[in-house]
Amino acid sequence: MKKILIISQILYCSLFGQGNLYPVETSFGGGIGFGNMYMVMNEVPGGEVMDRMGFNVDQLQTKPLVFYGGEGFAQMTGPWRLGGYAGIGASQVSNVYDFVLYANRDGVPLYQEPNAGAVNGDQLYTYKPGVDLETTERLSVKGKLNIYLGAITAEYVFPIYRDLEIMTGALMGLGSYNLSVDQSIGIPIWSDLGRSMYGYIQGDSVMVELDANGGTFDDAADELNRKGVQPIRVSESMTEISSLFFNFQPYVAIKWQFLDRMGLRMSAGFNRGTIGAGRWRLNGHIPINDSPEASIGGFTVRTVIYFGL
C-alpha cells in the first residue's frame, strides 16, 4: 500500500510539473505566422452571372474556399490580446464551347426544340469558319472568384496549462469581392490587343468603316444611325463585378505552444460580410445601381503555425 501511495505522488508531481497553471501576474508576448482559412460559403454572390455563362456555381469549389495568408497577435493587458489577419481566397473554373447557328422562326426568345411536324419551328445550322481561319473556332470561357480580407482581431484568453490556452474573440475588418468572366476566341495576337471594339481611334474620333453588303453606303449609314453602332469582331472580352464590404467573424480558438518559440493556433467561427444593394461596380468603376444585396458568410476554420510566445 505504501508503495502505491509513493508511486501515485511521483506521477502526480511529474504531471503537475509538465502542465502547470499560468501564474497570477500579467503575461506578455506575441507571435506571427502563416496559415490557411477554410470558409464553407453559404452562397456565391453574383453567381447568377456564372449561371448565364453555362457554369454551375458549385464548380467554383467554395465549400470550402481556401484562403492563404497570415496573422499575428500580441498580449496587451491582463487576459486581453489584439492582433491582425490578412488573406486571399481564390478559385476558378473554365470550359470550351462549340458554336451552333439557329434560325428563330417561332418568335420565342432563345432556341426552342421544334415539335414533330411543326412548320415554323426553329432550325439549327452547322457553323463552318472561313478558310482563312487555321483552326475551328471555339469559345473559351473562364470564371474567377477572388476575395481579399484584412482585419484586426480582439481576444479574451482563458489559460488552461502552461502551454495551452483557449480564446474567444472576433475578427473585424474590410474585404474586397471580385467575380470575373473572361471570354475569348482563338489565339491572342499581340498586335491586335488594345484595339477599339467599334473601329479604330483617330484623334478624338472612332472611325467606323461602313459595310454596304450589296447595297449603298448611304443605306448602310442610315442603318447604323437607326440601330446604333455595333461591336465589330472582338476576340476577347471580360466582365468583372466587384465590391468592398465590412466583414465580421466571431470565433473560438485554441493555442498550443509545442516548442519554446513555436506553436499552433486553431479557430472555428462563422463569417459574415454584407454587400449593400447598389454597391456593386462593373469593371471596377461603373456603378450597378440596381444590384441586389448579397452576403459572404459561412462556417470557417483557421489554422496557423506561429513563431513567438
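The values are calculated or read from the model by the stated rules, or taken from the named source; none is laboratory data. From a predicted model like this one, the values you see are computed outputs, not experimental measurements. Quick reminder, even Gly has a Cβ in these numbers, built from the backbone with ideal geometry, and neighbours come from all protein chains shown.
Go through the stretch 13-51 and count every residue that is surrounded by fewer than 18 Cβ atoms within 10 Å (Cβ to Cβ) and either over 18 Å from the mean Cα position of the chain (by Cα) or modelled with pLDDT of 90 or more (or both). Lay out the reasoning, then the answer.
So the first thing to find is which residues in the stretch 13-51 are surrounded by fewer than 18 Cβ atoms within 10 Å (Cβ to Cβ), and the list is 13-30, 32, 34, 36, 38, 40, 42-43, 48, 51.
Of the ones still in play, those that are also either over 18 Å from the mean Cα position of the chain (by Cα) or modelled with pLDDT of 90 or more (or both) are 13-30, 32, 34, 36, 38, 40, 42-43.
Here the count works out to 25.
Looking at the stretch 236-251, is at least one residue surrounded by fewer than 17 Cβ atoms within 10 Å (Cβ to Cβ), over 19 Å from the mean Cα position of the chain (by Cα) and closer than 19 Å to residue 181 by Cα?
Within the stretch 236-251, one or more residues are surrounded by fewer than 17 Cβ atoms within 10 Å (Cβ to Cβ), over 19 Å from the mean Cα position of the chain (by Cα) and closer than 19 Å to residue 181 by Cα.
Out of curiosity, is residue 227 among the basic types (Lys, Arg) and assigned by TED's automatic domain parsing to the domain that holds residue 45?
Details: among the basic types (Lys, Arg): yes; assigned by TED's automatic domain parsing to the domain that holds residue 45: no.
It is false that residue 227 is among the basic types (Lys, Arg) and assigned by TED's automatic domain parsing to the domain that holds residue 45.
Just give me the residues in the stretch 192-205 being over 12 Å from residue 231 (Cα atoms) and either modelled with pLDDT of 80 or more or of a type in the set (S, T, N, Q) (or both), in sequence order.
201, 202, 203, 204, 205
Identify all residues within the stretch 279-309 that are assigned to a strand (DSSP E or B), surrounded by 13 or more Cβ atoms within 10 Å (Cβ to Cβ), in contact with a Gly (Cβ under 9 Å, 6 or more places away or on another chain) and not hydrophobic (A, V, I, L, M, F, W, C); write none if there are none. Steps first, answer last, please.
Here is the first cut: in the stretch 279-309, the residues assigned to a strand (DSSP E or B) are 281-282, 286-287, 294-308.
Retained after the next criterion (residues that are surrounded by 13 or more Cβ atoms within 10 Å (Cβ to Cβ)): 281-282, 294-308.
Then drop every residue that is not in contact with a Gly (Cβ under 9 Å, 6 or more places away or on another chain), which leaves 294-297, 299-308.
Once the filter is applied, which keeps residues that are assigned to a strand (DSSP E or B), surrounded by 13 or more Cβ atoms within 10 Å (Cβ to Cβ), in contact with a Gly (Cβ under 9 Å, 6 or more places away or on another chain) and not hydrophobic (A, V, I, L, M, F, W, C), the stretch 279-309 yields 295, 297, 300, 302, 303, 306, 308.
Would the stretch 66-86 turn up any residue that is under 30 Å from residue 168 (Cα atoms), within 13 Å of the chain's Cα centre (by Cα) and either not assigned by TED's automatic domain parsing to the domain that holds residue 304 or not aromatic (Phe, Trp, Tyr) (or both)?
yes
Criterion first (surrounded by 14 or more Cβ atoms within 10 Å (Cβ to Cβ) and in contact (Cβ under 8 Å) with a residue 24 or more places away in the chain) does residue 266 satisfy it? Reasoning before the result, please.
Values: surrounded by 14 or more Cβ atoms within 10 Å (Cβ to Cβ): yes; in contact (Cβ under 8 Å) with a residue 24 or more places away in the chain: yes.
Criteria met by residue 266.
May I ask you to verify whether residue 237 is closer than 30 Å to residue 185 by Cβ, in a strand (DSSP E or B) and out of contact with any Pro (no Cβ under 6 Å at 6 or more places or on another chain)?
Values: closer than 30 Å to residue 185 by Cβ: yes; in a strand (DSSP E or B): yes; out of contact with any Pro (no Cβ under 6 Å at 6 or more places or on another chain): yes.
Taking the combined requirement at face value, the residue satisfies it.
From the residues in the stretch 68-89 that are hydrophobic (A, V, I, L, M, F, W, C) and in a strand (DSSP E or B), which one is surrounded by the most Cβ atoms within 10 Å (Cβ to Cβ)?
Filtering the stretch 68-89 down to residues hydrophobic (A, V, I, L, M, F, W, C) leaves 73-74, 76, 80, 82, 86, 88.
With the extra rule that they be in a strand (DSSP E or B), the set shrinks to 73-74, 80, 82, 86, 88.
Numbers: 73: 27, 74: 15, 80: 12, 82: 16, 86: 14, 88: 15.
Result: 73.
Does any residue of the stretch 198-207 turn out to be out of contact with any Ser or Thr (no Cβ under 8 Å at 6 or more places or on another chain), loosely packed, with under 11 Cβ neighbours inside 10 Å and among the β-branched types (Val, Ile, Thr)? Spell out how you get there, then give the answer.
From the stretch 198-207, those out of contact with any Ser or Thr (no Cβ under 8 Å at 6 or more places or on another chain) are 198-205, 207; that's our starting set.
From what's left, loosely packed, with under 11 Cβ neighbours inside 10 Å: 202-205.
Of the ones still in play, those that are also among the β-branched types (Val, Ile, Thr) are none.
Within the stretch 198-207, none of the residues are out of contact with any Ser or Thr (no Cβ under 8 Å at 6 or more places or on another chain), loosely packed, with under 11 Cβ neighbours inside 10 Å and among the β-branched types (Val, Ile, Thr).
Yes/no per residue for (1) of a type in the set (Ser, Thr, Tyr); (2) touching a Phe, Trp or Tyr at 6+ places or on another chain (Cβ under 8 Å); (3) not assigned by TED's automatic domain parsing to the domain that holds residue 89:
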| position | (1), (2), (3) |
| --- | --- |
| 174 | no, yes, no |
| 177 | yes, yes, no |
| 196 | yes, no, yes |
| 203 | no, no, yes |
| 210 | no, yes, yes |
| 215 | no, no, yes |
| 219 | no, no, yes |
